[in-house]
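Remarks on the structure that follows.
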Amino acid sequence: VRLLTNGVTSSSFAVVRGPAIFSSKTVNLEPGDLVTFDWKAENGEDNYDVFGYFYNESTGQSFEVLNETGTITDWNTETFKIPVSGDYRFVFISGSYDATGGQALGASLYLDNVAISADRSGCEDLKNR
């Protein structure tokens, strides 16, 4: 997925966020489950400012998984360990930071390979009971 931000801001040195992508359905996760995703960002007219979080609809909690500003990155892999059980949605937001004060905005956020690995290590002996 590529999320592209571009345009002009009325304020110098502003952060403008959007567009965003979010999961249309929830995913039930348990403590210890791992969510892994690859991301990279590129500046366009100015710096990128990207943000992502996992929202637990069961508890109303959100957990930040991405909050970066810069000019360009290689592909990065992030892994987040789920702390609380619940039904989660994933939200990622592309954005741009006007680092030069020229009011031009432009950046891209790329996402790939979102994967969930469940940690059910305490359940392996259930079938033997």
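Could you please give the count of residues in the stretch 97-109 that are over 15 Å from the mean Cα position of the chain (by Cα), assigned to a strand (DSSP E or B) and hydroxyl-bearing (Ser, Thr, Tyr)?
The total comes to 1.
Can you name the residue in the stretch 74-95 that is among the hydroxyl-bearing types (Ser, Thr, Tyr) and touching a Phe, Trp or Tyr at 6+ places or on another chain (Cβ under 8 Å) and is also nearest to LEU29 (Cα to Cα) among such residues?
Of the residues in the stretch 74-95, the ones among the hydroxyl-bearing types (Ser, Thr, Tyr) are 77, 79, 85, 88, 94.
With touching a Phe, Trp or Tyr at 6+ places or on another chain (Cβ under 8 Å) added as a condition, the list becomes 77, 88, 94.
On the way: THR77: 20, TYR88: 7, SER94: 25 Å.
The residue in question is TYR88.
With GLU42, GLU57 as the choices, which residue is open to solvent by 20 Å² or more (accessible area, probe 1.4 Å), touching a strand residue (DSSP E or B) at 6+ places or on another chain (Cβ under 9 Å) and closer than 17 Å to VAL1 by Cα?
On the way: GLU57 fails: closer than 17 Å to VAL1 by Cα.
None of the other options fit; the residue is GLU42.
Quick one: what pairs do we get from the stretch 1-13, first residue under 27 Å from ASP38 (Cβ atoms), second at pLDDT below 85 and open to solvent by 60 Å² or more (accessible area, probe 1.4 Å), C-beta under 7 Å, 6+ apart or different chains?
Taking only residues 6 or more apart or on different chains, the pairs are ASN6/GLU45.
Only one of these conditions is not met by GLU68: (1) touching a strand residue (DSSP E or B) at 6+ places or on another chain (Cβ under 8 Å); (2) open to solvent by 60 Å² or more (accessible area, probe 1.4 Å); (3) not in a strand (DSSP E or B). Which number is it?
(3)
Of these, LYS40, LYS25, which one is of a type in the set (Lys, Arg) and more than 20 Å from TYR110 (Cα to Cα)?
Just one listed residue meets the conditions, LYS25.
Looking at the structure I just gave you, is SER117 open to solvent by less than 70 Å² (accessible area, probe 1.4 Å), among the hydroxyl-bearing types (Ser, Thr, Tyr), touching a Lys or Arg at 6+ places or on another chain (Cβ under 6 Å) and at pLDDT below 95?
On the way: open to solvent by less than 70 Å² (accessible area, probe 1.4 Å): yes; among the hydroxyl-bearing types (Ser, Thr, Tyr): yes; touching a Lys or Arg at 6+ places or on another chain (Cβ under 6 Å): no; at pLDDT below 95: yes.
Judged against the criteria, SER117 is not a match.
When the residues of the stretch 16-39 are filtered to those that are closer than 18 Å to PRO83 by Cβ and of a type in the set (Ser, Thr, Tyr), which remaining residue is surrounded by the fewest Cβ atoms within 10 Å (Cβ to Cβ)?
Taking the stretch 16-39 first, the residues closer than 18 Å to PRO83 by Cβ are 26-37.
After this cut, where a residue has to be of a type in the set (Ser, Thr, Tyr) as well, the list is 26, 36.
Details: THR26: 15, THR36: 13.
Going through the qualifying residues, I end up with THR36.
The values are calculated or read from the model by the stated rules, or taken from the named source; none is laboratory data. If you're wondering where the values come from, they're calculated on a predicted model, not measured in any experiment. Backbone-built Cβ (ideal geometry, glycine too); neighbour counts: all protein chains shown. We work out accessible area using only protein heavy atoms, side chains counted, and drop any ligands, DNA or RNA first. Shrake-Rupley method; radii C 1.70, N 1.55, O 1.52, S 1.80 Å.
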